[in-house]
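The block underneath contains the structure these notes are about, expressed in structure tokens.
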Amino acid sequence: MPIPVSTSHNRQPESHQRQLLPVSTRVPRTKLRTLLRVSSVAAGIQFGWALQLSLLTPYVQELGIPHAWASFIWLCGPISGLVVQPLVGHFSDHCSSRFGRRRPFILAGAITIIVAVLIVGNSADIGWLLGDRGGKKTRAVVVYVFGFWILDVANNMTQGPCRAFLADLTEKDPRRTRVGNAYFSLFMAIGNVLGYATGSYSGWYKVFPFTLTGSCTINCANLKAAFLIDIIVIVICTFASLTAIDEKPLNAIHSNNSDGVVSRDSPEREAFFWEIFGTFRFLPTSVWIILLITALTWIGWFPFTLFDTDWMGREIYGGEPSDGGNYSAGVRMGSFGLMLNSIVLGITSVFMEKLCQISGSGFAWGISNILITLCFAAMVAITYIKNSLDGVEKLPSTGIVAAALVVFSVLGIPLAVTYSVPYALVATRIEAIGLGQGLSMGVLNLAIVIPQVVVSVGSGPWDQLFGGGNSPAFIVGGLAAFIGGIIAILAIPRRRVEKPSILLHH
């Protein structure tokens, strides 16, 4: 039986003990550059997601959907995620393809994303072909919503298996798991920068003149062209990710399991897909705490992701989607702010592992949530000051715009934590109880999509109740993030990362 040898003490923390394996059974560590390439698909996914966040809410309102109902369109995401990610996680855990368990789903998801962005980008043209005329664009809205559903299904189909793939490659090494998720967060930042930079430029219709048609205005043509660029980015990133390493097929993994123990994620013990939610009975208290904090964190984030550029266009620039001028300028400035946000996100991701080593993952997560609250409070204050000094309909002063851009930038710090720390914490704890990594990512996703449903249903009517602005949703989001931050600080133990001990055999 292996005996851990340490020069200072023999007793190790429980999380550290799970790392101690006989030398003969250790899995070779995956190279960091391999983890980097596997993570690169996140840039392609996030490029399209950035375009969604910066351009689609304003575009939906240009199609004629009122502001109060715009958030209901975003129900497509959480409802699809509620079903798709757990199912994809379940099936990817047991996929017997010779190309591996995760890579077939990543490829299928990338192809579906390409199809979806073509539908969304061309929804106005398709609506015209189906009979839309004049200012009423009912058919375009239906086509757009259908494409949006497909896009969110595809995002969930791709992102979950990719994170599970990283967890597979870094199993039994919590530090490397954090590094892999930090790389994923870094490429999400790169995709965001590219996406928001693309969304903030208003001249794409000149670069791709064929996108401008009788049924597709300049804003619509810019969106269509941006999605064409997205397709190029997705193809490049997916190729880099899928060719990074030859993933082991499922039968090879089973043949290497020489201990004869049937784990909970093996076919003998796995529930049928309609019983996936029975997984919750295996979850320890520590995982439930992570799920609770994740839910509260995303209740905080979703008002911002829904209305970030809309807030800039309406409440800072004093425009309306129908007027085109001030509102469009505000949306472009909001996209620029989100690009700055992504630059800070990327820089923070590089230092994420060191940050967690110094302060502990739970403490870093908690402080980042409190920072979200402070930033949302600043956004509410900026709105009040702008309306008091400049008036509701006037263009904002340079100071107001600068303050808004600073808030957008600072929010990149907690976003980097949100994109990496919860996934690393769940991956290391799920492995200890023998559940598949694909299914674990699906379970964590439930803690994201359920609050998104609540926010999507409630934010529009809630804002209308208080005059139609975005500030009430930011106040609720800030409060939820603050509560989640306090729980993270108090309930997630602060543990220093220790170097593995040397293992000897009798």
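The values are calculated or read from the model by the stated rules, or taken from the named source; none is laboratory data. Because the structure is a prediction, the values reported are computed rather than measured. All Cβ positions, even for glycine, are placed from backbone atoms using ideal geometry, and neighbour counts span all protein chains on display. Ligands, DNA and RNA are stripped out before the accessible areas are found, and what is left, the full protein with its side chains, is counted by its heavy atoms. Shrake-Rupley method; radii C 1.70, N 1.55, O 1.52, S 1.80 Å.
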Quick one: what Rg and Dmax do you get for segment 155-246 from the alpha carbons, in Å?
17.4, 58
Modelled label-to-label distance, Leu129 and Ala491, 7 Å Cα→beta-carbon offset: nm?
5.0
On the protein heavy atoms, probe 1.4 angstrom, tell me the percent of accessible surface of segment 90-160 carried by carbon and sulfur.
71
For Lys354, what accessible surface area do you get with a 1.4 Å probe? Give it in Å², rounded to 10.
120
3J(HN,Hα) from dihedral phi, segment 176-192, Karplus parametrisation 6.51/-1.76/1.60, rounded to Hz, x for glycine, proline:
5, 4, 5, 5, x, 5, 5, 4, 4, 5, 4, 6, 4, 5, 4, x, 4
Leaving out ligands, DNA and RNA, and with a 1.4 Å probe, what % of the accessible surface on segment 303-424 is carbon or sulfur?
73
I need the phi-derived Karplus couplings for segment 37-50: 6.51 cos²θ - 1.76 cosθ + 1.60, θ = phi - 60°, integer Hz, Gly and Pro marked x.
5, 4, 6, 4, 4, 4, 5, x, 4, 6, 4, x, 5, 5
Return, ordered by residue number, the residues of segment 177-198 whose backbone nitrogen is under 18 Å from a label point located 7 Å along Cα→Cβ of Val350.
179-194
